[in-house]
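The values are calculated or read from the model by the stated rules, or taken from the named source; none is laboratory data. Here the structure is a predicted model, which is why all the values come from computation and not from measurement. So basically every Cβ, Gly included, is an ideal-geometry build from the backbone, and we count neighbours across all protein chains shown.
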Amino acid sequence: MPSLQTALPPELANNAIRLYRECLRRAKYIGQQQHNTPLLVEMVRQQFKKNMHETDPEKIQKLKDDAARGLINHILYETEKISGRKFNKSPTKEA
């Protein structure tokens, strides 16, 4: 069974690995706050393992985008919690 690093171009594998590590870090952080670290870490691992043999570049990019979107949403949530300021997903138009 080939590893993720040898199955994909190096630049793609490196990005996926970095993304995986960051997802694990966030899962551990959220888990510590909500006292369910093992569950969240296992969920991240399962999702990455489920898709680790994907070879379609478009599908890989979509999976990476989805993971990145989840990280960004969590970062925004934490920032809002700390600052007390709400961030809009899209700018509102004033009439």
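For the residues LEU39, LEU24, the requirement of being modelled with pLDDT of 85 or more, of a type outside the set (Lys, Arg), in a helix (DSSP H, G or I) and over 13 Å from the mean Cα position of the chain (by Cα) singles out LEU39. Residues in region 28-73 that are exposed (fewer than 12 other Cβ atoms within 10 Å of the Cβ), more than 25 Å from LYS86 (Cα to Cα) and among the β-branched types (Val, Ile, Thr): 1 in all.
Taken across region 4-16, residues that are of a type outside the set (A, V, I, L, M, F, W, C), at pLDDT 85 or above and surrounded by fewer than 16 Cβ atoms within 10 Å (Cβ to Cβ) do not occur at all. Annotation note: Cβ proximity below 9 Å between a residue of region 49-64 that is assigned to a helix (DSSP H, G or I) and basic (Lys, Arg) and a residue that is surrounded by 11 or more Cβ atoms within 10 Å (Cβ to Cβ) and modelled with pLDDT of 85 or more (sequence gap 6+ or interchain) occurs for LYS59/ASN51.
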